[in-house]
Amino acid sequence: MVNESPVRGGGTTTPPHILPNEVETDAAKRMAAGPPTVPASSDIIGDVVGDFGIWQLRTILIIFLCKIPAAWFMACIIFTGPELYPGSEFTCDTSYLDSGGNSSYIVSENQCYVMDGATGSSSECEQFTYESSFDSLIMQFNLVCLRDIFVAWTQYWHLFGVLVGGVMGTKMMLGISPRSTYCVGAVAQIVCGVVTGYARDFSLHCAFRCLSAVCCAIMFTAGQAIFADITAGMHRIGAIILYDTFWSIGVILLPGLSSFFNSWSLIYVGITFPTVMLIVLLYWTPDSPRWLLRHAVDRVSIDNVEEIIREGAAINDRTFKIPPDFRQQLEQLSERLKAQPPPAPWRELWQGKRAKTHMVAAHLALAFFVINFMGMLLNIRSFGRDYLVPNTIAMGFSEIIGCFLALHFALKHNKWKWQCAGVFNILAGILGCMGWIFTSADSMDADLKVTLWMIIATIPKAAVSCAQSMILACMNELMPANKKQLYVFSVVTWARVWLLSAPFFNVLRKIDTAMSLTSYCVFSILGGICTCLLLTPRTSVAPVVPAVEPSDKKEQSPLNAPVWTIESDVNNTRL
C-alpha cells in the first residue's frame, strides 16, 4: 500500500515516486477520453438506459392502459346481459299461438312455458313482451329463458379469442415488431368492437366478440414484450406482476361506464372508442430495441435503435453513460442477438433437475388459477342483480390487493414466495367453501347474506390474483435461459385452453349459489397445492473481481465470497 501523509486543509500529498505533472497529465487524458468504453460482452442497452427510470415508467403506464379495454370486453356481459325478472320485466306473449281467438293458454310462473288448456300439451314460449328501461342483449336475442347457457356460450367465444390472440400475437412478433403488432391489434379492436355492438344476429355477435378478444390479446401480448425488454431485474418482475392491476382498474370502472348507457349496443361503443387514445399514446411508446437489433437488416434499423436509446438515456438523465463507440457496440449486440441459438425443443423442457415437477405443477396451477380468476368475477351475478355494482367494484379491489401481495412475496420472501402464495390459496379456498353454512338461511337479512357471500368470495379472489400474477411474472426462473421462452408460452397457452370451461361452471348456480362458488374454491385449493411444489433453483455465482492478492487478511471483503442468487436475466416476453 502507498502511505499518504496528511497536509493542511485535510488533503493528501502526492506519493514521492509520482511527479505532480504526471498526475495532471493522467487526469487530463481521462477527461479527454470521455465515458469509459463498455466491454463488448455486456448489455449496452441496459448499461445506458438503466434497469428502470422515468422513461421506462412512462412506457409502462401507457402500455398498462391496454388492460382496461381488455377487462371491459371480458366483463361487459355482466351489464349487457343482466337478469330479467319474470312477470314484472318480461311476459310470454301468446298472441302468436291464439290464431282463432278461442283457445285458452296457461303460462308458467317463469314465463318460459305455455300449456294449451284444451289439449294439455306444453311448449316453450317463443315470443315475449319486455317492460325494461334497459335494452339488454338478452332482450335483443330473446334469451330470457336460456340466459345462463347462452351467456356462457358468448363468454366462451370471448375466451377462445383470448387463446387465439395470445398465440397469434406471439407468432406475429416473429416478423413484425411489438409496437407495430400492438398498433394492428388496437386498430382492429376498434372495428370489431363496433361491429360486435351492432350485430343483430346472435352468431355474428359471438363471432365478432371472439375477434375483439383476439385483438385485445394481441395488444397486451405485444405490450408486455415492449416493457419487458426495456426493464431488467426485479423492476421487470414487478412490472409484470402489476400488469393485471390495470385490468382490475378496468373492472372497477366498468359499472360507472355502463351507467351512462341504456342499451347494450351503446355499452360496446363506449368500451371500444377509448382505444383510440391508446393509438395516440403510441407516439410516446418506444419499440422493443432488442427485437429491432435482432431483426436489423440495414443501417437504418441500427439508427432507429440508437435514437430510441439516446432518447431513453436523456429522459433518465443518463447521457453520461453513452460511450464513444456506442454505435459500434449496438452493431456488435445486433450480431450477438442474431447468432443466438434457437430455443430448446418442447421435449427438452422435461429434462433436468425437478423439471418434470415444475412442468406439471406450473401447467396445472396456472390452469386452475385462470379458470378461477375469470369465473369468480362472472359468478357475482349469482348474488343478485341489485348488488352487481358494489360486488363488481369489490372484486376489482380484491384483485389489486392480490397483485400487491404477490409483489410483496416476490420482494420480501423471494426464497419461499411460491409456498406463501400456495398456502394463501389453500386457506382462502377452505374459507370459500363455507358458503354452505348459510346458503339455506332464508330468514337471514338479504343484505347481510350478500355481504357474507362477498366476504368469502373476495378473499379467494385476492389469493388467486396473487398466485396468478406471480406465476406469470416469475415462472421463467424455473428453467434455464434457453428454455424460458417456450416454457412460458407452453404454460400460458395450456392454461388458456382450460380457461374456455370457466363460464360453464357458473351454470352450477342453478343448483345452489354455494355450488358454483365451491367449485372455484376447490380449484383455488388444488392450484395452491401445485404452487407449493414450485421452487426457484439457486445457483452459486462468484462475482468477477480483479486478481489481486491481498496483503493482509483484514483486506479480504465478504462481498467477494460466493453467494446464492437467482439468475436475473429473465426473458418473459412471449405471453
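Overall, the accessible surface of the chain at a probe of 1.4 angstrom is composed of carbon and sulfur to the extent of 63 percent. Less than 5 angstrom separates the built amide H of Phe128 from those of Asp93, all sequence-distant by 5 or more or on a different chain. Per residue, the solvent-accessible area of the stretch 344-539 (1.4 Å probe, heavy atoms of protein chains only, all protein chains present) comes to 39 Å².
Using the beta-carbon distance between Val276 and Val300 and R0 = 30 Å, what value does 1/(1 + (r/R0)^6) give for FRET efficiency, to the nearest 0.05? Show your work: numbers first, answer last.
Numbers: r = 29 Å, r/R0 = 0.98.
So the FRET efficiency works out to roughly 0.55.
Taken as Cα centroids, the stretch 138-200 and the stretch 394-431 sit 30 Å apart, rounded to the nearest whole angstrom. Residue-wise HN-Hα couplings along the stretch 222-231, as the Karplus relation 6.51 cos²θ - 1.76 cosθ + 1.60 with θ = phi - 60° gives them from phi, are 5, x, 5, 4, 6, 6, 6, 7, 9, 10 Hz; Gly and Pro carry x.
Asp447 contributes about 80 Å² of solvent-accessible surface, heavy atoms of the protein only, 1.4 Å probe. Shown here: Rg/Rh (Cα atoms, Kirkwood Rh), derived from the displayed model; of the candidates (1) 1.22; (2) 1.04; (3) 1.10, it corresponds to (3). Built from the Cα atoms of the stretch 344-539, the convex hull projects on average onto 10.9 nm², one quarter of its surface area. Residues whose amide H falls under 5 Å from that of Tyr113, counting only those 5 or more places apart or on a different chain, are Ser108, Cys125, with hydrogens built in the peptide plane. Once backbone amide H atoms are built at 1.01 Å from N, Tyr105 has Gly117 as its partners under 5 Å, excluding neighbours fewer than 5 places away on the same chain.
Taking the Cα centre of the stretch 344-539 as origin, sum charge times position over the Cβ atoms of Lys and Arg (+1) and Asp and Glu (-1), and report the length of that vector in debye to the nearest 20. Before the final figure, lay out the partial values.
Working: 17 positive and 8 negative charges, 186 e Å.
In total the dipole reaches around 900 debye.
Of the residues Asp445, Asp512, the one with the largest accessible area comes first in the ranking Asp445, Asp512, computed with a 1.4 Å probe on protein heavy atoms. Think of each Lys and Arg Cβ as +1 and each Asp and Glu Cβ as -1; about the Cα centre, that makes the dipole of the stretch 219-343 roughly 200 debye. Phi angles of the stretch 503-511 translate, via the Karplus equation with coefficients 6.51, -1.76, 1.60 and θ = phi - 60°, into HN-Hα couplings of x, 7, 5, 5, 5, 5, 5, 5, 7 Hz per residue; Gly and Pro are given as x. Solvent-accessible surface (1.4 Å probe) assigned to His358 amounts to roughly 0 Å². With the charge dipole of the stretch 344-539 set up from +1 on Lys and Arg Cβ and -1 on Asp and Glu Cβ about the Cα centre, the Cα lying farthest toward the positive end among the listed residues Leu535, Phe505, Ser398 is that of Leu535. Using the Karplus relation 6.51 cos²θ - 1.76 cosθ + 1.60 with θ = phi - 60°, the per-residue 3J(HN,Hα) values for the stretch 180-190 come to 5, 4, 4, 5, 4, x, 5, 5, 5, 5, 4 Hz, with x marking Gly and Pro.
The values are calculated or read from the model by the stated rules, or taken from the named source; none is laboratory data. Remember, it's a predicted structure, so these values are computed and weren't measured experimentally. Cβ sites come from the backbone with ideal geometry, for glycine too, and all protein chains shown count toward neighbours. Ligands, DNA and RNA are excluded from the accessible area calculation, which covers all protein heavy atoms including side chains. Shrake-Rupley method; radii C 1.70, N 1.55, O 1.52, S 1.80 Å.
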